[in-house]
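Asker: For reference, the structure I am asking about is given below.
The values are calculated or read from the model by the stated rules, or taken from the named source; none is laboratory data. In this text the structure is predicted, and so the values were computed from the model without any measurement. Don't worry about glycine lacking a Cβ; one is built from the backbone with ideal geometry, like all the others, and counts go over all protein chains shown. Calculation scope for accessible area: heavy atoms of the full protein, side chains included, ligands and nucleic acids excluded. Shrake-Rupley method; radii C 1.70, N 1.55, O 1.52, S 1.80 Å.
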Amino acid sequence: MTITDPSGPDQVPPTPSHTVGPFYGYALPFRGGEDIAPLGHPDTITVHGYVLDGDGDPLPDALIELWGPRPDGTVPHVDGSQRRDPATGGHLGRNGVEFTGWGRVQTDANGHWYARTLRPGARGRNAPYLSVCVFARGLLVHLFTRIYLPDDDAALAADPLLTRVGGRRDTLIASEEAGGAYRFDIRLQGEGETVFLEFE
C-alpha cells in the first residue's frame with residue numbers, strides 16, 4: 001500500500017497523536033510531591049480519593065497535579081517545589097517551610113492518591129477550590145478539573161462555575177471526613193463522570 005503525502009515530497013507528514021502514559025510515571029513523580037503544606041502548619045488538610053475509569057475500576061498509574069492558593073486566597077510564587085539534587089541526580093522535594101501551592105502525586109496500586117496542602121482561600125467570586133490536572137493511560141490530552149471544599153454552602157451556591165454545570169456540580173465537590181480530610185474521586189467517564197474544564 002502506498003501512502004501519498006499531500007504536502008509534497010519534501011515535507012514530513014505529522015506524527016500521529018499518542019496517549020499521555022504510562023511512560024510519564026518514570027520521570028514525573030518526585031519525592032515529597034504529596035506534601036504541599038509546610039510541616040505542622042495549622043491550616044493543613046488532606047485531600048484524597050481514587051482515579052476511576054469508565055467501568056468504575058481504579059487506575060494504578062494515573063498522575064495528579066494540584067495547585068491551590070494560601071488560606072487568605074493569595075497565590076504563592078515560591079520556587080523550588082521540584083529541584084535536581086546535584087550530588088545524587090535525584091529529585092528534591094520541598095524545604096518544609098515555604099508553601100509552593102503545587103504538588104504532584106501518582107496513584108498507588110489500588111488507584112488511590114492523597115495530598116496534604118493548606119486549606120485554600122476564596123478568590124474573587126469563586127468558592128475555595130484546588131485546581132487539578134489528571135494524566136492517565138488512554139488520555140490523548142491531560143484533563144483539568146477543580147476540587148471544591150464543602151464548608152460554605154453560600155459560597156458554593158454563588159460560585160459561577162458550579163452554577164453553570166447544574167446537576168453535575170456534585171462531581172466537583174469533595175466530601176468531608178474526620179480529622180481535616182476530604183474525599184474526592186475522579187471519574188474519567190461513564191456514570192458520575194467528573195466535570196472537566198477546557199481552557200481557551
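Asker: Is there a residue in segment 126-134 that is of a type outside the set (D, E, K, R) and farther than 20 Å from residue 69 by Cα?
Answerer: no
Asker: Of all residues in segment 47-61, which are open to solvent by less than 40 Å² (accessible area, probe 1.4 Å) and not acidic (Asp, Glu)? Spell out the reasoning first.
Answerer: Filtering segment 47-61 for residues open to solvent by less than 40 Å² (accessible area, probe 1.4 Å) gives 47-49, 51-52, 54, 56, 59, 61.
The answer is 47, 48, 49, 51, 52, 54, 56, 59.
Asker: If a residue has to be among the aliphatic types (A, V, I, L, M), surrounded by 13 or more Cβ atoms within 10 Å (Cβ to Cβ) and out of contact with any Lys or Arg (no Cβ under 6 Å at 6 or more places or on another chain) to count, how many in segment 151-173 make the cut?
Answerer: Initial filter on segment 151-173 (among the aliphatic types (A, V, I, L, M)): 154-158, 161-162, 165, 172-173.
Now restrict to residues that are surrounded by 13 or more Cβ atoms within 10 Å (Cβ to Cβ): 155-156, 158, 161-162, 165, 172-173.
Remaining after also requiring out of contact with any Lys or Arg (no Cβ under 6 Å at 6 or more places or on another chain): 155-156, 158, 161, 165, 173.
Adding up the residues that qualify gives 6.
Asker: Could you grab me the full set of residues in segment 62-82 that are more than 20 Å from residue 124 (Cβ to Cβ), touching a residue at least 40 places away in the same chain (Cβ under 8 Å) and open to solvent by 40 Å² or more (accessible area, probe 1.4 Å)?
Answerer: Hit for segment 62-82 is 82, nothing else.
Asker: Which of (1) in contact (Cβ under 8 Å) with a residue 40 or more places away in the chain; (2) outside any strand (DSSP E or B); (3) over 18 Å from residue 58 (Cα atoms) does residue 169 not meet, given it meets every other one?
Answerer: Here residue 169 meets the rest and fails (1).
Asker: Which one of 191, 176 is surrounded by fewer than 18 Cβ atoms within 10 Å (Cβ to Cβ) and part of a strand (DSSP E or B)? Full working, then the answer.
Answerer: Working: 191 fails: part of a strand (DSSP E or B).
That would be 176, the only listed residue that is surrounded by fewer than 18 Cβ atoms within 10 Å (Cβ to Cβ) and part of a strand (DSSP E or B).
One line per residue, one yes/no per condition, for (1) touching a strand residue (DSSP E or B) at 6+ places or on another chain (Cβ under 8 Å); (2) free of Cβ contacts under 8 Å to residues at least 12 places away in the same chain:
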residue	(1), (2)
157	no, yes
160	yes, no
165	no, no
176	yes, no
182	yes, no
186	yes, no
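Asker: Those residues that are part of a loop (DSSP other than H, G, I, E, B) and either closer than 28 Å to residue 190 by Cα or within 17 Å of the chain's Cα centre (by Cα) (or both), I need them from segment 34-61; list them, please.
Answerer: Of all residues in segment 34-61, those part of a loop (DSSP other than H, G, I, E, B) come to 34, 36-43, 53-57, 59-61.
Selection gives 34, 36, 37, 53, 54, 55, 56, 57, 59, 60, 61.
Asker: Suppose we filter segment 104-141 for residues that are open to solvent by less than 60 Å² (accessible area, probe 1.4 Å), within 18 Å of residue 60 (Cα to Cα) and not in a loop (DSSP other than H, G, I, E, B); how many remain?
Answerer: Looking only at that region, the number is 9.
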